[in-house]
1. Could you please put Ile93, Ile123 in sequence from largest to smallest accessible area, using a 1.4 Å probe?
2. At 7 Å along Cα-to-Cβ for each site, give me the label-to-label distance between Ala21 and Met86 in nm.
3. Given only helices, namely DSSP H runs of n ≥ 4 each adding -39500 (n - 2.57), what is the per-residue ellipticity at 222 nm of the chain, to the nearest 500 deg cm²/dmol?
4. Measure off 7 Å from each Cα along the Cα-to-Cβ vector at Gln60 and Lys156, then give the distance between these two points in nanometres to one decimal.
5. Considering the convex hull of the alpha carbon atoms of the chain, report its projected area averaged over all viewing directions, in nm², one decimal.
6. Find, among the GluC sites (Glu not before Pro) in the stretch 1-105, those assigned to loop by DSSP (not H, G, I, E, B) with at most 11 other beta-carbon atoms within 10 angstrom.
7. Amide H to amide H under 5 Å from Arg80: which residues, 5+ apart in sequence or cross-chain, H placed 1.01 Å off N in plane?
8. Answer with one residue from Gln126, Val149, Ala35: the one whose Cα lies farthest towards the positive end of the charge dipole of the chain, charges on Cβ with Lys, Arg +1 and Asp, Glu -1.
Amino acid sequence: GFNIVATANLRDRGVNEMSSALKRRFNFETVFPIADKQMELQIVKEQTDMLLRDAEVDAQCPPDVLDLLVTTFHDLRNGRTTEGTMVEKPTTIMSTAEAVAVGFSAGLDAYYFGEGTLQGEHIARQLVGTVLKDNPEDAKKLKHYFDVVVKARGRKHKLWSDYYKARKWLFS
(Lines give C-alpha, C1' and ligand atoms only; values in the text may rest on other atoms or scores of the structure.)
Protein backbone atom coordinates (compact mmCIF):
# COMPACT_ATOMS: atom_id res chain seq x y z
CA GLY A 1 0.00 0.00 0.00
CA PHE A 2 0.93 3.56 -0.62
CA ASN A 3 -0.80 6.93 -0.57
CA ILE A 4 -0.79 9.74 -3.07
CA VAL A 5 -1.46 13.30 -1.97
CA ALA A 6 -2.29 15.74 -4.75
CA THR A 7 -3.21 19.42 -4.69
CA ALA A 8 -5.03 21.63 -7.14
CA ASN A 9 -6.70 24.99 -7.20
CA LEU A 10 -10.43 24.92 -7.85
CA ARG A 11 -10.15 27.28 -10.80
CA ASP A 12 -7.06 25.60 -12.22
CA ARG A 13 -8.08 22.51 -14.16
CA GLY A 14 -4.56 21.81 -15.34
CA VAL A 15 -3.75 20.56 -18.80
CA ASN A 16 -6.39 17.82 -18.76
CA GLU A 17 -9.51 17.32 -16.68
CA MET A 18 -9.18 14.35 -14.30
CA SER A 19 -11.31 11.39 -15.34
CA SER A 20 -14.33 10.55 -13.19
CA ALA A 21 -12.90 7.05 -12.58
CA LEU A 22 -9.75 8.58 -11.10
CA LYS A 23 -11.75 11.18 -9.14
CA ARG A 24 -13.69 8.39 -7.40
CA ARG A 25 -10.42 7.10 -5.97
CA PHE A 26 -9.54 10.37 -4.22
CA ASN A 27 -10.88 12.01 -1.08
CA PHE A 28 -11.28 15.74 -1.67
CA GLU A 29 -10.63 18.35 0.98
CA THR A 30 -11.27 22.01 0.23
CA VAL A 31 -9.00 24.45 2.04
CA PHE A 32 -10.45 27.94 2.01
CA PRO A 33 -8.32 31.08 2.06
CA ILE A 34 -7.39 32.40 5.48
CA ALA A 35 -10.01 34.99 6.41
CA ASP A 36 -8.13 36.37 9.44
CA LYS A 37 -5.73 38.93 8.00
CA GLN A 38 -3.48 38.98 11.09
CA MET A 39 -3.09 35.19 11.00
CA GLU A 40 -2.27 35.29 7.29
CA LEU A 41 0.23 38.10 7.89
CA GLN A 42 1.94 36.03 10.59
CA ILE A 43 2.15 33.00 8.29
CA VAL A 44 3.46 35.06 5.35
CA LYS A 45 6.08 36.72 7.58
CA GLU A 46 7.27 33.46 9.15
CA GLN A 47 7.41 31.56 5.85
CA THR A 48 9.04 34.42 3.92
CA ASP A 49 11.68 34.87 6.62
CA MET A 50 12.32 31.10 6.71
CA LEU A 51 12.71 30.84 2.92
CA LEU A 52 15.08 33.82 2.82
CA ARG A 53 17.10 32.40 5.73
CA ASP A 54 17.29 28.98 4.01
CA ALA A 55 18.51 30.72 0.85
CA GLU A 56 21.13 32.51 2.96
CA VAL A 57 19.71 35.86 1.90
CA ASP A 58 19.86 38.60 4.53
CA ALA A 59 16.97 40.72 3.27
CA GLN A 60 14.98 42.76 5.77
CA CYS A 61 11.20 42.33 5.53
CA PRO A 62 9.53 45.16 7.45
CA PRO A 63 6.13 44.15 8.86
CA ASP A 64 4.38 47.14 7.23
CA VAL A 65 5.55 46.05 3.76
CA LEU A 66 4.37 42.50 4.34
CA ASP A 67 1.09 43.95 5.62
CA LEU A 68 0.79 45.82 2.32
CA LEU A 69 1.29 42.50 0.50
CA VAL A 70 -1.29 40.62 2.57
CA THR A 71 -3.75 43.53 2.36
CA THR A 72 -3.43 43.52 -1.43
CA PHE A 73 -4.13 39.78 -1.51
CA HIS A 74 -7.11 40.11 0.85
CA ASP A 75 -8.59 42.99 -1.14
CA LEU A 76 -8.26 41.22 -4.49
CA ARG A 77 -9.32 37.83 -3.16
CA ASN A 78 -12.43 39.23 -1.41
CA GLY A 79 -13.39 41.72 -4.11
CA ARG A 80 -13.82 44.35 -1.41
CA THR A 81 -11.38 46.51 0.55
CA THR A 82 -11.51 47.23 4.27
CA GLU A 83 -12.81 50.69 3.33
CA GLY A 84 -15.71 49.06 1.49
CA THR A 85 -14.54 49.76 -2.06
CA MET A 86 -15.60 47.04 -4.49
CA VAL A 87 -12.87 45.68 -6.78
CA GLU A 88 -13.00 42.97 -9.41
CA LYS A 89 -11.46 39.70 -8.34
CA PRO A 90 -8.74 38.38 -10.64
CA THR A 91 -9.27 34.92 -12.07
CA THR A 92 -5.98 33.71 -10.61
CA ILE A 93 -5.76 32.11 -7.18
CA MET A 94 -4.66 34.61 -4.53
CA SER A 95 -3.68 32.04 -1.89
CA THR A 96 -1.49 32.43 1.16
CA ALA A 97 1.09 30.25 -0.59
CA GLU A 98 1.11 32.71 -3.51
CA ALA A 99 1.58 35.60 -1.03
CA VAL A 100 4.57 33.78 0.48
CA ALA A 101 6.00 33.24 -3.01
CA VAL A 102 5.63 36.95 -3.77
CA GLY A 103 7.21 37.85 -0.40
CA PHE A 104 10.14 35.53 -1.01
CA SER A 105 10.70 36.71 -4.59
CA ALA A 106 10.41 40.33 -3.47
CA GLY A 107 12.97 39.65 -0.72
CA LEU A 108 15.37 38.22 -3.30
CA ASP A 109 14.72 41.25 -5.52
CA ALA A 110 15.45 43.61 -2.60
CA TYR A 111 18.64 41.76 -1.70
CA TYR A 112 20.13 41.33 -5.16
CA PHE A 113 18.79 44.39 -6.97
CA GLY A 114 18.03 46.80 -4.15
CA GLU A 115 19.49 47.87 -0.86
CA GLY A 116 18.48 44.75 1.06
CA THR A 117 15.24 46.03 2.57
CA LEU A 118 11.90 44.96 1.13
CA GLN A 119 9.83 47.87 -0.21
CA GLY A 120 6.56 48.33 -2.05
CA GLU A 121 8.28 48.43 -5.42
CA HIS A 122 9.65 44.92 -4.87
CA ILE A 123 6.14 43.67 -4.08
CA ALA A 124 4.73 45.39 -7.19
CA ARG A 125 7.36 43.82 -9.45
CA GLN A 126 6.67 40.35 -8.12
CA LEU A 127 2.88 40.64 -8.43
CA VAL A 128 3.28 40.25 -12.18
CA GLY A 129 4.09 36.56 -11.84
CA THR A 130 1.08 35.93 -9.62
CA VAL A 131 -1.79 38.10 -10.76
CA LEU A 132 -1.06 38.41 -14.46
CA LYS A 133 -0.04 34.84 -15.25
CA ASP A 134 -3.33 33.25 -16.28
CA ASN A 135 -5.64 35.77 -17.87
CA PRO A 136 -4.78 38.98 -19.73
CA GLU A 137 -8.05 40.49 -18.41
CA ASP A 138 -6.57 40.37 -14.91
CA ALA A 139 -4.22 43.20 -15.90
CA LYS A 140 -7.23 45.52 -16.19
CA LYS A 141 -8.49 44.44 -12.77
CA LEU A 142 -5.09 45.00 -11.17
CA LYS A 143 -4.72 48.38 -12.90
CA HIS A 144 -8.13 49.41 -11.55
CA TYR A 145 -7.09 48.30 -8.06
CA PHE A 146 -3.93 50.42 -8.25
CA ASP A 147 -5.70 53.43 -9.82
CA VAL A 148 -8.51 53.46 -7.25
CA VAL A 149 -7.49 51.72 -4.03
CA VAL A 150 -3.70 52.01 -3.90
CA LYS A 151 -3.79 55.62 -5.12
CA ALA A 152 -6.34 56.60 -2.43
CA ARG A 153 -4.34 54.89 0.31
CA GLY A 154 -1.22 56.59 -1.04
CA ARG A 155 -2.71 59.98 -0.18
CA LYS A 156 -2.60 59.00 3.49
CA HIS A 157 0.44 56.68 3.74
CA LYS A 158 3.87 57.04 2.15
CA LEU A 159 4.30 53.27 1.83
CA TRP A 160 1.14 53.02 -0.29
CA SER A 161 2.21 56.10 -2.27
CA ASP A 162 5.52 54.42 -3.13
CA TYR A 163 3.62 51.23 -3.99
CA TYR A 164 1.38 53.23 -6.33
CA LYS A 165 4.40 54.79 -8.05
CA ALA A 166 5.83 51.28 -8.60
CA ARG A 167 2.82 50.33 -10.75
CA LYS A 168 5.01 51.16 -13.76
CA TRP A 169 6.53 47.68 -13.30
CA LEU A 170 3.10 46.13 -13.80
CA PHE A 171 1.77 48.05 -16.77
CA SER A 172 4.67 48.85 -19.05
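1. Ile93, Ile123
2. 4.6 nm
3. Computed mean residue ellipticity for the chain: -15500 deg cm²/dmol.
4. In this crude label model, Gln60 to Lys156 measures out at 2.6 nm.
5. That works out to 12.1 nm².
6. Here the sparse-neighbourhood loop sites are Glu17, Glu29, Glu56, Glu83.
7. Long-range HN contacts for Arg80: Val87.
8. Checking the options against the dipole of the chain, the answer is Val149.
The values are calculated or read from the model by the stated rules, or taken from the named source; none is laboratory data. These figures come from a predicted structure and were not determined experimentally. All Cβ positions, glycine included, derive from the backbone under ideal geometry; neighbour counts span all protein chains shown. SASA here: full protein model, heavy atoms, side chains in, ligands and nucleic acids out. Shrake-Rupley method; radii C 1.70, N 1.55, O 1.52, S 1.80 Å.
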